[in-house]
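Asks: Okay, here's the structure, questions in a sec.
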Amino acid sequence: MRWAVAAVLLTGCVSIPAFRGSGDDAGADTPDGSIGPLAVRHIANAYREGGSDGQAFGTYMMTKAGYSIPTAGIVDGDLVLFIANVDNGSNDFWNLPTGFTPILQRFYGQDGQTYVAGWKIAASEPQTYAGMYKVGVSSSSAATVSLLAVTGYDPQSPIEFAVPTDHQTPTNPADIGSAGLSTTADNSLLIYAAGADWTPENGQNTYELPSGFQLLTFVGDRGDTPPHWDWTCQVIAYKLQATKGASGPLTGTMTGVSFSDGTTPIPGGGWDLLFAIAPHS
């Protein structure tokens, strides 16, 4: 499926169809995160455009020095996922919010971009997650952050597998495909996140998700009305894998459309992160 994504932040709560219908209360009856349907919901986005020092967009005003994102909607026992990326940076640029366990942090690409993911089990969370970037590291601070919450997961192994892919060389459109992974439990939840390390041009971004995945959220570093250019953006989607085993390779693309004529794709080096969450048994 292909989506135009320039100005929209998509939020909501999604229950995996094999277990229960969707709705704002999906998973809300399982505050300890150990029973009930395996379900994922999008909590919030934060973002900042880095082209002008001190300029920021969004309800929660990120700065050149760090980030802030609201936690409203998280309940105790949720498995909380923090996924973020920034233009340039380093392998230790992001400081995760207090209490988060890192899944990975990677700096890659010819132009340079850093993406990070971490998790925690919610317990009396603060009103916002906030943190400072590593000082003394080159970055435009054009950044995006997303929070997700999962219920019905296996509390003994909250993150079953995580497999990243870095596409170092820019392509047209950017490759955000994954070799896939192999799950060990039936009815595992696959979560896919991706973005691109763009070459310097102007435009707006579109994407194509891997087959069978449903959109959770997209956010760019500006999020205002196009035309504009997002140095950073991320798309997050999910899929239920009913039978344990190999997911097979995933094919996806992300395209930056030239500002000058509205049609010419811009090369980018894609990144993608695919991880699996097993259901509570």
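The values are calculated or read from the model by the stated rules, or taken from the named source; none is laboratory data. Just so we're clear, the structure is a prediction, and the values are computed from it rather than from any experiment. Glycine also receives a Cβ, built like all others from the backbone with ideal geometry; neighbour counts cover every protein chain displayed. We work out accessible area using only protein heavy atoms, side chains counted, and drop any ligands, DNA or RNA first. Shrake-Rupley method; radii C 1.70, N 1.55, O 1.52, S 1.80 Å.
Asks: Please work out how much length the chain gains when fully extended from Ser211 to Leu104, using 0.36 nm per residue of separation minus the C-alpha to C-alpha distance, in nm with one decimal.
Replies: Working: separation 107, 0.36 × 107 = 38.52 nm, distance 2.49 nm.
Contour length minus the Cα-Cα distance gives 36.0 nm.
Asks: If amide hydrogens are placed 1.01 Å from N in the peptide plane, which non-local residues have theirs closer than 5 Å to the one on Leu250?
Replies: Ser178, Ala179, Gly180
Asks: At 0.36 nm per residue, minus the direct Cα-Cα distance, what do Gln156 and Thr171 gain on full extension? Give it in nm, one decimal, please. Spell out each step's value before the answer.
Replies: On the way: separation 15, 0.36 × 15 = 5.40 nm, distance 4.01 nm.
Extending this stretch completely gives an extra 1.4 nm.
Asks: Tell me, what ³J(HN,Hα) does each residue in segment 269-281 have, in order and in whole Hz, if you take phi through Karplus 6.51 cos²θ - 1.76 cosθ + 1.60 with θ = phi - 60° and put x for Gly and Pro?
Replies: Values, residue by residue: x, x, 10, 8, 10, 10, 9, 10, 10, 7, x, 5, 8 Hz.
Asks: Only Lys, Arg, Asp and Glu count, each charged at its Cβ (+1, +1, -1, -1), so figure out the dipole size of segment 107-176 about its Cα centre, rounded to 20 debye. Display every interim value, and only then the final one.
Replies: Working: 2 positive and 6 negative charges, 51 e Å.
So the magnitude is around 240 debye.
Asks: Based solely on C-alpha atoms, express the radius of gyration and the Dmax of segment 82-128 in angstrom.
Replies: 12.1, 41
Asks: State the percentage of accessible surface on segment 99-247 attributable to carbon and sulfur atoms; use a 1.4 Å probe and exclude ligands, DNA and RNA. Let's see the in-between values first.
Replies: On the way: 2690 of 5480 Å².
In segment 99-247, the share of accessible area belonging to carbon and sulfur is 49 percent.
Asks: At 7 Å along the Cα-to-beta-carbon direction for both Thr243 and Ser182, put a label point, then send me their distance in nm to one decimal.
Replies: My value for the distance between the label points is 1.5 nm.
Asks: Given H placed 1.01 Å from N in the peptide plane, which residues other than close sequence neighbours of Phe161 have an amide H under 5 Å from its amide H?
Replies: So Phe161 has HN proximity to Ala276.
Asks: What residues qualify as long-range amide H neighbours of Tyr129, i.e. H under 5 Å apart, gap of 5 or more or another chain, H built at 1.01 Å from N?
Replies: Amide H neighbours of Tyr129: Ile69, Thr71.
Asks: Based on the mean of other beta carbon atoms within 10 Å per residue, what is the order of 244-252, 130-138, 171-179, most packed first? Before the final figure, lay out each step's value.
Replies: Values: 244-252: 16.1, 130-138: 13.2, 171-179: 20.4.
Output ranking for 244-252, 130-138, 171-179: 171-179, 244-252, 130-138.
Asks: Residues of segment 156-217: accessible area per residue at 1.4 Å, in Å²? The partial results should precede the final answer.
Replies: On the way: 2290 Å² over 62 residues.
With the other protein chains kept in place, segment 156-217 gives 37 Å² per residue.
Asks: Please list, in order, the residues from segment 157-188 whose amide nitrogen is less than 17 Å from a point placed 7 Å along the Cα→Cβ vector of Thr263.
Replies: 173
Asks: What nm distance separates the two modelled labels at Ser124 and Asp76, each placed 7 Å from Cα along Cα→Cβ?
Replies: Taking the two extended label points, one gets 0.8 nm.
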